[in-house]
Amino acid sequence: MATTKTKEIPAGRVSGLIQAEEERFRRARARSNQLWMEAREVMPRGVPSSFQDAAPQPIFVERGKGSRVWDVDGNEYVDFHNGFGVMVVGHAHPKIVEAVSRRIQLGSHFAQPVEDVIVVARELSRRFHQPKWRLTNSGTESTLDAVRIARGFTGRDRLLKIEASYHGHHDALMVSVEPPPDRMGPADHPASFPQSDGIPAAIVELTTVVPFNDLPALERAFAEHPGEVAAVIVEPAMMNVGIVLPDTGYLDQVKELAHRHGALLIFDEVKTGVTIAPGGATERFGVTPDLVALAKAIGGGLPCGAVGGREDVMGVIEDKRVAQMGTFNGNPLTMAASRVTLLEILDANAYAHFDALAETLQGGLDEAIGRYELPFHVITLAARGGVTYRARRVRNYRDYLEIDKSFAYLSWLYQSNRGVLMAPGAEENWTLSVQHSIEDVQRYVDNFAEMARDLRQ
Ligand SMILES: Cc1ncc(COP(=O)(O)O)c(C=O)c1O
């Protein structure tokens, strides 16, 4: 962490730069703007998912190849967004194109099992040390199923979740995802805040919220609800508020506490799975949960998810006590893409390549932060990483709230205007792909250094 010496940024500097960058951004995206206006006639906010509506305006994309994407105005970008952490294989990877093309000619959907589901499930078992798997189509479905399995297995209803973790958009976990400061309750005893209208209060009441990296608060939550808790669900490294790492030993202790109180531990590895190590956070942090939810990168760009778990826990599906189903589960196209992703693309060389890219980013960004004495730091974890606009480490949501989000927005504009597409939003973290080169990531570093210099001028 480059936090040795930092200086305040002069007031007004960031807003002045944002204004200039927004104008430049809009000038180069007239066609995107026009399509957005048209889309608004038929879609709320002019986008198919609310995540895609980000200031100053959505970028409509035309195509992608390798590490690059091109928007409808002809702007070319190195893709650091990578479809919200999905495209670690890069765009139009020849092996994915070949596997999906071959498969589609043999029929694209049967809702009957195909042989590839066995190959995919075996490989997930090997990576995540879970003997039994089911397939889904998204992260939302994976965490929804994990929760239902845990409730079915334990015969209990209550969930413990971490404040500011996002686990998808189903009711049980759309609680205190980004609670407003006036509704979030005390730091060591957060309120359960519904993240959307339309979520019944009775459901919200069943989800107790605890801060990340806080074992006494977790202990207290168990004590307040004796014999009620089905599961604790955590993102082992939080990735929807920048990147927040677990304290050493924290995940082990969460598992121990959960088990002591008769509850299960669920890892939401939708973002960390296969991106921060071959076996995700399970491997990187050395803790195996009772259930793991996967999605995003495991499908090589097709809508794929999976839920894996202990033999006895997944036995509730075997016994037909818990329903786990879906028309598109194990879809042949998805499975063909997942199979090549897991067996042929994300091999040992891929992870060595991610580490080399991460080293270039970490070194280059640390150098710029140090040179310009900025109160920021960088976290890299193989294919994932990001800049945190705060000198000190973030341990939980309350720390994250102290960050001035305008730096993240300015950075997003600088990168977009200079040929790097980042995921929108203040949470600012990137996903690299096997098709990214050192030159690609150097572009991010150079753009960042330019912003750092301008912040100091
Ligand atoms: C940690 C985590 N869990 C679950 C989800 C939901 O996944 P999906 O958007 O595929 O439903 C997300 C989405 O970003 C996520 O980041």
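So the check is Cβ under 9 Å with 6+ separation or different chains; which pairs have a first residue in the range 353-370 that's in a helix (DSSP H, G or I) and a second one that's surrounded by 14 or more Cβ atoms within 10 Å (Cβ to Cβ) and of a type in the set (Lys, Arg)?
Pairs that qualify, where the first residue is in a helix (DSSP H, G or I) and the partner is surrounded by 14 or more Cβ atoms within 10 Å (Cβ to Cβ) and of a type in the set (Lys, Arg), are 354/384; 358/384.
To keep it simple, each residue is scored yes or no on (1) more than 22 Å from residue 287 (Cα to Cα); (2) of a type outside the set (Ser, Thr, Tyr); (3) without any contact (Cβ under 8 Å) to a residue 24 or more places away in the chain; (4) within 11 Å of the ligand (Cβ to nearest atom).
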site	(1), (2), (3), (4)
129	no, yes, no, no
139	no, yes, no, yes
145	no, yes, no, no
152	yes, yes, no, no
160	no, yes, no, no
165	no, no, no, yes
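Residues that are away from the ligand (no atom under 14 Å from the Cβ) and more than 25 Å from residue 393 (Cβ to Cβ): which strands (runs of 3 or more DSSP E) entirely in the range 203-305 hold 1 or more of them?
Correct list: 207-210, 229-234, 264-268.
Exactly one of these conditions fails for residue 403: (1) among the β-branched types (Val, Ile, Thr); (2) over 28 Å from residue 209 (Cβ atoms); (3) at pLDDT below 95. Give me its number.
(2)
It is to be established whether one or more residues within the range 48-55 are modelled with pLDDT of 95 or more, part of a helix (DSSP H, G or I) and out of contact with any Ser or Thr (no Cβ under 8 Å at 6 or more places or on another chain).
Scanning the range 48-55, I find no residue that is modelled with pLDDT of 95 or more, part of a helix (DSSP H, G or I) and out of contact with any Ser or Thr (no Cβ under 8 Å at 6 or more places or on another chain), so the answer is no.
Being surrounded by fewer than 21 Cβ atoms within 10 Å (Cβ to Cβ), touching a residue at least 60 places away in the same chain (Cβ under 8 Å) and more than 25 Å from residue 77 (Cα to Cα) is the requirement here; does residue 327 meet it?
Considered against the rule, which asks whether it is surrounded by fewer than 21 Cβ atoms within 10 Å (Cβ to Cβ), touching a residue at least 60 places away in the same chain (Cβ under 8 Å) and more than 25 Å from residue 77 (Cα to Cα), residue 327 comes out as yes.
Could you identify the single residue in 237, 217, 230 that is of a type in the set (A, V, I, L, M, F, W, C) and within 29 Å of residue 431 (Cα to Cα)?
Result of the check over 237, 217, 230: 237.
Does residue 142 meet the test of being within 21 Å of the chain's Cα centre (by Cα) and buried (at least 22 other Cβ atoms within 10 Å of the Cβ)?
For residue 142, the condition - within 21 Å of the chain's Cα centre (by Cα) and buried (at least 22 other Cβ atoms within 10 Å of the Cβ) - is met.
So which of 352, 337 is small (Gly, Ala, Ser), under 22 Å from the mean Cα position of the chain (by Cα) and surrounded by fewer than 21 Cβ atoms within 10 Å (Cβ to Cβ)?
The conditions single out 352.
So which of 188, 214 is at pLDDT below 95 and either out of contact with any helix residue (DSSP H, G or I) (no Cβ under 8 Å at 6 or more places or on another chain) or more than 30 Å from residue 111 (Cβ to Cβ) (or both)?
188
The values are calculated or read from the model by the stated rules, or taken from the named source; none is laboratory data. Here the structure is a predicted model, which means the values were calculated and not measured. Methodologically, a virtual Cβ is constructed for each residue, glycine included, from the backbone with ideal geometry; neighbour enumeration extends over all protein chains shown.
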